[in-house]
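Below is one structure; the comments refer to it alone.
The values are calculated or read from the model by the stated rules, or taken from the named source; none is laboratory data. The model shown is predicted, which means the values in this text are computed figures rather than measured ones. Every residue, glycine as well, gets a Cβ built from its backbone with ideal geometry; the counts of neighbours run over all protein chains shown.
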Amino acid sequence: MTTTQTAAAEAGLHGRVLDHLGTAICGGGLAPGAVLNIDDLVDRYGVSRSVVREVLRVLASMGFIETRRRVGVMIRAAEHWNVFDPQVIRWRLASVGRIAQIRSITELRTAVEPHAALLAAQRVDHDQAGDLVGLAGKLWAAGKAGDEERFLRLDIEFHQRVLAASGNEMFVKLQNLVAEVLIGRHHYHLMPHYPSEQALQLHADVAQSIQRGDGDSARRAMVLIMEHAFDEMSSIWQQEHLTEAHPA
């Protein structure tokens with residue numbers, strides 16, 4: 001095996017172990033306070049100590065673990081996690097905490113995206129505004145056609161462009177977060193096959209309000225988009241609470 005092939009193989013093993021441990025931590029399979037033993041991990045996953053050490057280094061950078069003298073590598077509680085890391089979001093979406101993750105990001109989006117739309121109306125240039133209106137039209141067509149893959153791509157792009165058009169560099173950094181939650185909702189079948197006409201119209205309203213420079217209208221339309229997302233998810237959240245209260 002060449003050096004390149006060896007490196008690729010180790011990268012694949014690293015990714016597999018990292019995903020398994022990350023998902024287990026996010027899902028509660030590895031609870032806070034649990035101790036990880038390097039030799040046990042080497043045996044369990046059939047990888048080298050160097051692969052395990054690199055995995056632990058990444059988990060530590062995400063706030064998942066810490067090393068304590070005389071104790072070893074210990075799992076940390078969720079309040080220490082870097083919850084804005086896209087990989088952490090993917091693991092949470094893949095775990096039993098999926099609905100809670102979608103809910104928390106939707107709450108964050110509700111706080112940020114309406115104001116981003118207002119700022120975009122004040123700061124966007126003519127070409128950006130025209131592109132956003134055109135994108136809303138493509139989104140409408142994909143939704144009406146039931147083309148879920150295309151609709152997802154366009155929906156992600158639409159919300160990312162609004163964040164970018166806000167001119168606020170901190171809002172822009174939320175683009176990947178928005179993409180992850182929309183991809184997660186799609187992947188786990190938590191979105192309707194055909195978006196409602198109301199949702200499609202609201203995206204058009206946001207774009208047209210931004211183009212007109214009407215920040216208040218853009219903000220109100222984006223608030224309604226977020227409220228619509230909550231409405232779509234409410235039945236799922238309610239079912240989750242019922243399941244927790246009355247387990248089978």
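Quick rundown of the values:
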quantity: Residue check for L13: modelled with pLDDT of 95 or more and of a type outside the set (G, A, S); calculated: no
quantity: Residue match in segment 144-151 (condition: of a type in the set (D, E) and in contact (Cβ under 8 Å) with a residue 40 or more places away in the chain); calculated: yes
quantity: Test: residue in segment 203-218 that is under 19 Å from the mean Cα position of the chain (by Cα) and either of a type in the set (A, V, I, L, M) or not assigned by TED's automatic domain parsing to the domain that holds Q101 (or both); calculated: no
quantity: Condition met for R185 (touching a Leu at 6+ places or on another chain (Cβ under 9 Å), assigned by TED's automatic domain parsing to the domain that holds G215 and basic (K, R)); calculated: yes
quantity: Pair list, Cβ < 7 Å and 6+ apart or interchain, from segment 32-47 residues that are within 9 Å of M74 (Cα to Cα) to residues that are in a loop (DSSP other than H, G, I, E, B); calculated: P32/R76; P32/A77; V35/V71
quantity: Test for D125: is it more than 23 Å from E232 (Cα to Cα), among the charged types (D, E, K, R) and assigned by TED's automatic domain parsing to the domain that holds I105; calculated: yes
quantity: Where V73 falls short, out of the listed (1) more than 29 Å from R185 (Cβ to Cβ); (2) part of a helix (DSSP H, G or I); (3) in contact with a Ser or Thr (Cβ under 7 Å, 6 or more places away or on another chain); (4) not aromatic (F, W, Y); calculated: (2)
